[in-house]
Amino acid sequence: MVTDQVTLTVGTHDDDALLARAGSDHEPRCGGPPLPRAWAPELSPPGPLAVTASESPAGLVYRLPVFRPGDSADLHAAIGWAPPADDVAVRLAVDTSPAYIRAHLDAHEMTERK
């Protein structure tokens, strides 16, 4: 979203990182816990994005592949904002991983407890 006062960007993992997470039983280098293996074919190119986010009156809407019984998924959303002239900085700010967020959250919580 861009207005005359602010640029707002919401980001999560890209398709390559989501595919790596769906094809692994452990946390891949891109960071983030595994996703359901059944998602791998839907995340593989070519094809439309299997995980999309869009804005609605209700807020941010994620559209995900089908969950089977017992499946779970842990997805992050990073939010950045800045004056309109800094739109590149905002896009870079939301290009992150769950592992990076957890590491910095843990450090922040440790600082807050002191």
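Report yes if some residue within region 76-90 is under 25 Å from T7 (Cβ atoms) and of a type in the set (D, E, K, R); otherwise report no. Checking region 76-90: at least one residue is under 25 Å from T7 (Cβ atoms) and of a type in the set (D, E, K, R). Evaluating G80 against the criteria (1) modelled with pLDDT of 80 or more; (2) surrounded by 11 or more Cβ atoms within 10 Å (Cβ to Cβ); (3) assigned to a loop (DSSP other than H, G, I, E, B) leaves one unmet condition, (3). Looking only at region 6-16, residues that are of a type in the set (S, T, Y) and assigned to a loop (DSSP other than H, G, I, E, B) come to 1 in all. Of everything listed in (1) within 16 Å of the chain's Cα centre (by Cα); (2) farther than 14 Å from T9 by Cβ; (3) modelled with pLDDT of 75 or more, the single unmet condition for V51 is (3). The condition (being surrounded by 15 or more Cβ atoms within 10 Å (Cβ to Cβ), at pLDDT 80 or above, among the aliphatic types (A, V, I, L, M) and part of a loop (DSSP other than H, G, I, E, B)) is satisfied by just one residue among L19, L75: L75.
The values are calculated or read from the model by the stated rules, or taken from the named source; none is laboratory data. These numbers were taken from a predicted model, which means no experiment stands behind them. Heads up, the Cβs are rebuilt from the backbone with ideal geometry, glycines too, and the neighbour counts pull from every protein chain shown.
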